[in-house]
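The values are calculated or read from the model by the stated rules, or taken from the named source; none is laboratory data. This one's a predicted model, so the numbers in the text were calculated from it and none came from an experiment. Cβ: placed from backbone, ideal geometry, glycine included. Neighbour counts: every protein chain shown. Accessible surface is based on the protein model in full, side chains and every heavy atom, while ligands, DNA and RNA are left aside. Shrake-Rupley method; radii C 1.70, N 1.55, O 1.52, S 1.80 Å.
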Amino acid sequence: MMPAMSSSTAKFYDLRGQKVLDHPDDQGLLTIPLHLSAPYRFHEKQLPVKDGLFLDFGCGTGLHSFYPLTRGYRVFGLDISEKSVLAARTLAEKQGVTEKCHFQHGSLDALAESNESFDVIFMSGVLYYLDRSQALPLIVSKLVPGGRFICIETNAENRLMNLWRRFRQILRGDRDQQTLSHLLGPGELKGFSRYFPQTQIVYFDFLTLFGVALKKIPLVREIFHRLARSADYFLLNRLGLSSLSFKMYFVGTKSDENLDL
């Protein structure tokens, strides 16, 4: 049985939302560490400029919600954590972009009830909470013809990083159970091709992870990351060593014809 977005999950993410509400001027809370940033930088570069509607499903506090505004999109954010939604609204107000984005409490039911169609539906670390047999057909139905579904997920096949995540859970308690036991692997991402006529999967973060040791040497860290990112692309994607990757980027493009599953 697939995991569900339960009340306990919402409470877990409420803690993160409250942290932003308590410290709304802490820019670090909305910044991805450099050694983990590669897939998100790639996503931003790939995102086309468009006057369209962008759905950040599982938006949290808005970490990935505000960049699409710079590319011309209006943004709709949806999350099960009420505290996170409130934090995202607070940050939108501080940035003066409340007219361009809307944040709402809810999950798949709220998406199903929405009358909107989206040019892009984006998720980061969300799919392992959902029943994909229900979520993916719904996502397809909510995309405009030619629209894109983009997700960035943690690779379940990377056993070393899985052990590290469990160790961090013991030390810091900063992971919930689904993030430890229900991650997706490359095989499942490849299976999403049944929903989309065009798909792409790119694997990230093997050598780049070692950049965390250079945190206090910014110039060296930046150079190392640039080289490691190129080496990772070759190792993980060209040589096919995808099991070494930490993150996986998937994009599926809906048919130009207005046909839903």
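Conditions: (1) touching a residue at least 24 places away in the same chain (Cβ under 8 Å); (2) open to solvent by less than 70 Å² (accessible area, probe 1.4 Å); (3) part of a helix (DSSP H, G or I). Cys59 meets all but one. Number of the miss?
The one condition Cys59 does not meet is (3).
May I ask you to list the residues in segment 19-39 that are over 22 Å from Lys216 (Cα atoms) and at pLDDT 95 or above?
If we filter segment 19-39 for residues that are over 22 Å from Lys216 (Cα atoms), which is where we start, we get 19-25, 39.
The answer is Pro39, and nothing else.
Six or more apart or on different chains, Cβ atoms under 7 Å: show the pairs whose first residue is in segment 82-102 and in a helix (DSSP H, G or I) and whose second is open to solvent by 80 Å² or more (accessible area, probe 1.4 Å) and at pLDDT below 95.
Ser84/Arg16
Checking Val20 against (1) among the β-branched types (Val, Ile, Thr); (2) surrounded by fewer than 19 Cβ atoms within 10 Å (Cβ to Cβ); (3) touching a residue at least 40 places away in the same chain (Cβ under 8 Å), only one condition comes out false. Which one?
(2)
Checking the structure you have, find out if any residue of segment 80-91 is open to solvent by 30 Å² or more (accessible area, probe 1.4 Å), among the basic types (Lys, Arg) and in contact with a strand residue (DSSP E or B) (Cβ under 8 Å, 6 or more places away or on another chain).
Yes, segment 80-91 contains at least one residue that is open to solvent by 30 Å² or more (accessible area, probe 1.4 Å), among the basic types (Lys, Arg) and in contact with a strand residue (DSSP E or B) (Cβ under 8 Å, 6 or more places away or on another chain).
Name every residue in segment 38-53 that is touching a residue at least 60 places away in the same chain (Cβ under 8 Å) and within 13 Å of the chain's Cα centre (by Cα), in order of residue number. Don't jump to the end; show me each part of the working.
So the first thing to find is which residues in segment 38-53 are touching a residue at least 60 places away in the same chain (Cβ under 8 Å), and the list is 38-40, 42-43, 46-47, 50, 52-53.
Passing the criteria: Ala38, Pro39, Tyr40, Phe42, His43.
Test Lys50 against the criterion of being in contact with a strand residue (DSSP E or B) (Cβ under 9 Å, 6 or more places away or on another chain), surrounded by fewer than 16 Cβ atoms within 10 Å (Cβ to Cβ) and either of a type in the set (Lys, Arg) or under 17 Å from Met123 (Cα atoms) (or both), and give yes or no.
In short, yes.
When you look at Ser117, is it at pLDDT 95 or above, closer than 19 Å to Tyr249 by Cβ, of a type outside the set (Lys, Arg) and open to solvent by 10 Å² or more (accessible area, probe 1.4 Å), yes or no?
Here the answer is no, as Ser117 does not meet what is asked.
Please work out which residue is modelled with the lowest pLDDT, limiting yourself to segment 62-78 and to residues that are open to solvent by 50 Å² or more (accessible area, probe 1.4 Å) and in a loop (DSSP other than H, G, I, E, B).
Selected residue: Leu63.
Can we say Val144 is out of contact with any helix residue (DSSP H, G or I) (no Cβ under 9 Å at 6 or more places or on another chain), closer than 21 Å to Val251 by Cα and either open to solvent by 60 Å² or more (accessible area, probe 1.4 Å) or in contact (Cβ under 8 Å) with a residue 24 or more places away in the chain (or both)?
In short, yes.
Test Leu136 against the stated conditions and say whether it is surrounded by 15 or more Cβ atoms within 10 Å (Cβ to Cβ), at pLDDT 90 or above, within 17 Å of the chain's Cα centre (by Cα) and closer than 21 Å to Leu63 by Cβ.
no
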